[in-house]
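In what follows, a structure is listed as structure tokens, so that the remarks can point back to it.
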Amino acid sequence: MKMTVEMPSIRSCSMTECAYNHDHGCHARAITIGDGIHPGCDTFFNCGSHCGSNHTAGVGACKVANCKYNTDLECQAGEIMVGSDRGGAACTTFMAG
């Protein structure tokens, strides 16, 4: 059985060293954002090789309670971008709210 869930898409990801990144696109099934305070990409996996999947990634969960797009631990933004922040991968769409 396959489940279809609507979630915000990842418009772009500049973290080219991530195993899920291919041509600036995220190809994980879904990612998790945040540690409660910082909007880091918890799914980031630094690896020399990239996955071969063609999934279109979405935001499965967001743990950053003070983001204006967060409602009940789910992202309500239409899409997000992931990029470098504080030396790691992070949701650059984050906006304190």
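The values are calculated or read from the model by the stated rules, or taken from the named source; none is laboratory data. Just so it is clear, the model here is predicted, and its values are computed rather than measured. A quick note on method: Cβ atoms are made from the backbone with ideal geometry, for glycine too, and the neighbour counts reach across all protein chains shown. Heads up: the accessible areas ignore ligands, DNA and RNA and are worked out on the full protein's heavy atoms, side chains in. Shrake-Rupley method; radii C 1.70, N 1.55, O 1.52, S 1.80 Å.
Of note:
- Virtual spin-label span in nm between Leu73 and Phe45, 7 Å along Cα→Cβ: 2.2
- Scalar couplings 3J(HN,Hα) for the stretch 15-27, obtained by applying the Karplus form with A = 6.51, B = -1.76, C = 1.60 to θ = phi - 60°, are 8, 5, 7, 7, 4, 8, 8, 9, 6, 6, x, 8, 10 Hz; x denotes Gly and Pro.
- Residues with amide H under 5 Å from that of Ala89, placed H, sequence gap 5 or more: Cys41
- Rolling a 1.4 Å probe across the protein heavy atoms gives the chain an accessible surface of 62 Å² per residue.
- Overall shape of the chain was characterised from the C-alpha gyration tensor. The equivalent ellipsoid obtained from it has semi-axes of 20, 17, 10 Å, in decreasing order.
- Solvent-accessible area, 1.4 Å probe, carbon plus sulfur percent, for the chain: 51
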